[in-house]
Amino acid sequence: MLDINFIRNHQSLVEKSSHEKGYSVNISDLLMLDDRRKALLQTVESLRRERNEVAGQMKGGKPSPELIAKGKAIKEELAKKEPELSSIEQELSDMLQQVPNIIFEDVPLGGEECSVEISNWGKKREVGVDHLDYATQRGWLDFERGAKVAGAKFYYLKDGLALLENALLQFGLKKVTEHGFHYMTVPDMVSSRILEGCGFNPRSSKQSDEYYIEGEDLAMIATAEMPLTGYHMDEIIDEKELPLCYAGYSACFRKEAGTYGKYTRGLFRVHQFNKLEMYVFCLPEDSKKTHEQIREIEEEIWQEIGIPYRVINIAAGDLGAPAAKKYDIEYWSPVNQKYQELTSCSNCTDFQARSLNIRVRRENGSIETLHTLNGTAISLARTMVALIENYAEPEGKLKIPSVLQPYFGGATEL
RNA sequence: GGAAGGGUGGCCGAGUGGUUGAUGGCACCGGUCUUGAAAACCGGCAAGUUAAUAGCUUCGCAGGUUCGAAUCCUGUCCCUUCCGCCA
C-alpha cells in the first residue's frame, strides 16, 4: 500500500496514476476519513492519558471514592470511542488497499496495446510445430488423464517433456545462482495477510485468481513471489545486508478465470505449473538499477536457450496494483505468428514492503521501507511451449539446445 | 489428533494487579585507562505514531475483568516435549 502521508502530499499524482492504471479510487474520501481518524485519535489518546494519570495517583494508598468514580467515567468514555476509532481505522486500511502503486514516468500510458517494445533478439522462425499436438503424439503430455483426475487444464508430463522440464530447471538454477541468488524452496500456500500484502486480490474479491483452502486462512500460491515477499515480513534488515536476492522454486496455482479470448492452448495457460522466480529486497535508491539487472538476467537465459524474443515496457493500464514498472519478455511464436508472454519482471518499489512491514535500518540508524522486485527466471510450462515450437521437427525429433545438452548426458536430440 | 509446558527488548533471561517500556547479563556504540588491543570502569542502546527529547500504543495475537493488566479470565496462533498417526 501507499503511505497515507504521501497520498496527502501528492493527491493529484496519486489520482492521475491510479486513473492511468484503470483503478477508480476516491482520494478525497480517503483523506477525509483520515482526518476523522486523526481527530478521534487525539480524543482517545487524551482520554488514555487522563486514565493513566488517575491510575498513577491511586497506586500505593487506598484510593478515594471520588478518584475511582473519575476513573470509571473515563473508562466508560473510552469504551465508546475506542471501537469507533478501530472501525474507522479498518475502513481506512481497506480503502488504502485499493490504491495502486504510483507508476514511473517512463511507463507508457494506455491499455495493453500501448505497451512499447524496447528491444528484441534473435531471428524469428517462419514455421514452427504446435506443442500440444507434437507432445501429445509423442506420449509426453497427457491432458486427457489430467482432466480425468483433476479437471480441465490439468496435465501429466511424461518422459521427454518431464525430463526437459527438469533440465530447464537445472539450467535456470545454474544461471540464477551464478548471479548470486540464493536458491530456496517455499511454502506452496500462504495466509491471506501475505497474499493481500503482495497486492493480490483478496479472497472476498470476485476477481481473485487464487485457490483457497476451505476452513483455513490459506491460499495456494500463484507464484513464489508470495512466500518470498512474506519471508521478511515484519523485519528490519540492516542496510549492509542488502540487496537480498532469492530464487524461489514452486508450483504455481491459478484459476485463470476471465481469460476468455486470450491464448490458452495446451501448456500455455494451465491451472498448475512450476516456476523459478527471482526476488530482490533492496535499498530504495537501487531498485531501478536492480530492475534492469533482473531484465538482463532474463534476456541472458533466453539468448542462451536460443529463443527469439522481444522486451516490452508494459503500459499503465496493464500493470497490476503493486508494480511501478514492469517488463515482459515475449517469445516469438512461429505457430501463432506473434509474440507471446514468457516472463515478466516488476519493480514494486515500497508498495509490498509497506503492507508487509519490511524495512531497512540505515547505517545512520534511521529506518525506512525498502523496495522489492520480482522476475521470472523460468516458467517451465510456457518455456516448454516455446522450446517445442522453436526446436521440434514436425513428425520428428526435438533438438536440444546446447546449454541443455549436459542435462541429457550430452544428447543433441530427443 | 491426545497430554503437558512455554511465547517478554538484537540475543539470553527476571518479572503473578499500581513509576515495569520493563531488573540483570550478552552483543553493539561512545568515553576513561593503554604505545595499540584486551580487561576493568563510566555512559548510551526497542519499535510505531507525532512537528515533538510532550502524549499515546506495543511483553505472540484478539477479546474480557479492573479505577489500573506483562501479571487475572476466555479464545486463538506458534514453539518445545511425550503419545498416536504418517512420507
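The values are calculated or read from the model by the stated rules, or taken from the named source; none is laboratory data. Keep in mind that what you see is a predicted model, and the values were worked out from it rather than measured. Cβ sites come from the backbone with ideal geometry, for glycine too, and all protein chains shown count toward neighbours.
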A careful count of residues in segment A:1-26 that are in contact with a Leu (Cβ under 7 Å, 6 or more places away or on another chain) and of a type in the set (Ser, Thr, Tyr) gives 0
Restricting attention to segment A:363-373, the residues that are crowded, with 24+ Cβ neighbours inside 10 Å and within 13 Å of RNA strand B (Cβ to nearest atom) number exactly 1
Those helices (runs of 4 or more DSSP H) completely within segment A:276-395 that have 3 or more residues that are at pLDDT 95 or above are A:287-305, A:380-391
Restricted to segment A:378-399 and to residues being hydrophobic (A, V, I, L, M, F, W, C) and in contact with a strand residue (DSSP E or B) (Cβ under 6 Å, 6 or more places away or on another chain), the residue nearest to A:Gly306 (Cα to Cα) is A:Ala386
Restricting segment A:307-362 to residues that are touching a residue at least 60 places away in the same chain (Cβ under 8 Å) and on the phi > 0 side of the Ramachandran plot, the one surrounded by the fewest Cβ atoms within 10 Å (Cβ to Cβ) turns out to be A:Asn357
Filtering segment A:192-211 down to residues that are surrounded by fewer than 16 Cβ atoms within 10 Å (Cβ to Cβ) and among the hydroxyl-bearing types (Ser, Thr, Tyr) yields A:Ser204, A:Ser205
Scanning segment A:324-354 residue by residue, those more than 13 Å from the chain's Cα centre (by Cα) and within 16 Å of RNA strand B (Cβ to nearest atom) turn out to be A:Arg354
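Residues are listed down the side, and each one gets a yes or a no for (1) among the small types (Gly, Ala, Ser); (2) surrounded by 15 or more Cβ atoms within 10 Å (Cβ to Cβ):
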| site | (1), (2) |
| --- | --- |
| A:Leu92 | no, yes |
| A:Leu96 | no, yes |
| A:Pro100 | no, yes |
| A:Phe104 | no, yes |
| A:Glu117 | no, no |
| A:Leu132 | no, yes |
| A:Gly180 | yes, no |
| A:Thr185 | no, no |
Within segment A:250-275, residues being assigned to a helix (DSSP H, G or I) and among the hydrophobic types (A, V, I, L, M, F, W, C) number 2
Counting only helices (runs of 4 or more DSSP H) wholly inside segment A:1-117, the ones holding at least 2 residues that are of a type in the set (S, T, N, Q), within 16 Å of RNA strand B (Cβ to nearest atom) and without any contact (Cβ under 8 Å) to a residue 60 or more places away in the chain are A:4-9, A:27-58, A:65-97
Picked from segment A:61-117 (must be within 21 Å of A:Gly197 (Cβ to Cβ) and small (Gly, Ala, Ser)), the residue nearest to the chain's Cα centre (by Cα) is A:Ser93
